[in-house]
1. Please count how many residues of region 39-60 are of a type in the set (V, I, T) and assigned to a helix (DSSP H, G or I).
2. Kindly indicate whether any position in region 18-38 is charged (D, E, K, R) and not in a helix (DSSP H, G or I).
3. From the list A85, A65, which one is touching a Phe, Trp or Tyr at 6+ places or on another chain (Cβ under 6 Å) and of a type in the set (A, V, I, L, M, F, W, C)?
4. Out of A145, A103, A107, A114, which single residue is farther than 21 Å from A10 by Cβ and surrounded by fewer than 20 Cβ atoms within 10 Å (Cβ to Cβ)?
5. If you scan region 24-38, which residues turn out to be crowded, with 16+ Cβ neighbours inside 10 Å and either over 17 Å from the mean Cα position of the chain (by Cα) or among the aliphatic types (A, V, I, L, M) (or both)?
6. Kindly indicate which of A60, A41 is under 20 Å from R73 (Cα atoms), at pLDDT 95 or above and either exposed (fewer than 13 other Cβ atoms within 10 Å of the Cβ) or charged (D, E, K, R) (or both).
7. Taking E176, is it touching a Leu at 6+ places or on another chain (Cβ under 9 Å), touching a residue at least 12 places away in the same chain (Cβ under 8 Å), within 30 Å of R113 (Cβ to Cβ) and assigned to a strand (DSSP E or B)?
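The values are calculated or read from the model by the stated rules, or taken from the named source; none is laboratory data. Small disclaimer: the values here were computed from a predicted structure and weren't measured. Every residue, glycine among them, receives a Cβ derived from its backbone with ideal geometry; neighbour counts consider all protein chains shown.
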Amino acid sequence: MAPTPRIRLATPQDAVRALCVYAPYVRRTAVSFEYDVPTVAEFSERIRAILERGYPFVVAEEGSAVVGYASLRPFVGREAYRHNAETTIYLHMGARGRGVGRALYRALEGEARARDILALEACIGVPREPDDPYLTDASVRFHRAMGYREVGRFEACGRKFDRWYDMVWMEKRLAEPF
């Protein structure tokens, strides 16, 4: 049985280890719609910018290894949306299916509640064809299991590896409006 991961707030110095988690998704999957792996400096800046805006960026550690990360960021970027946040989560390929994602999202939900965030929004790429070699419905299934529901779909809005992908928005309400 794998050890229980330790979840903690990240710092920009975690960029190298977090980028090791993220890079395979950019290079080999359509989970990320990025084409090029960001540099360590770029990734460090992403972490810094999230933290500087008062949002959480958390990492899951097993021993000295980062096996996943998750973050919140402003949803849409307008003040009226301040009670919603967009989620991001990535797991080391070998850490999937072991509860790491659930632990990261539970930590994010606690951080969100502490910031009066009422709803979490997840933007997820989905395959248009069965048996797509670059993307499965695993993220949609994970989010559904975590209490998210699909609230919108954009068809053929992303293109990677010469294939078109849909994108769904899934939402989890943490609380009702004040």
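1. 3
2. So far as region 18-38 goes, yes, one or more of its residues are charged (D, E, K, R) and not in a helix (DSSP H, G or I).
3. Going through A85, A65 in turn, the sole match is A85.
4. Unique residue meeting the criteria: A145.
5. Within region 24-38, V26, A30, V31, V37 meet the criteria.
6. Exactly one of A60, A41 is under 20 Å from R73 (Cα atoms), at pLDDT 95 or above and either exposed (fewer than 13 other Cβ atoms within 10 Å of the Cβ) or charged (D, E, K, R) (or both), namely A41.
7. The answer is no for E176.
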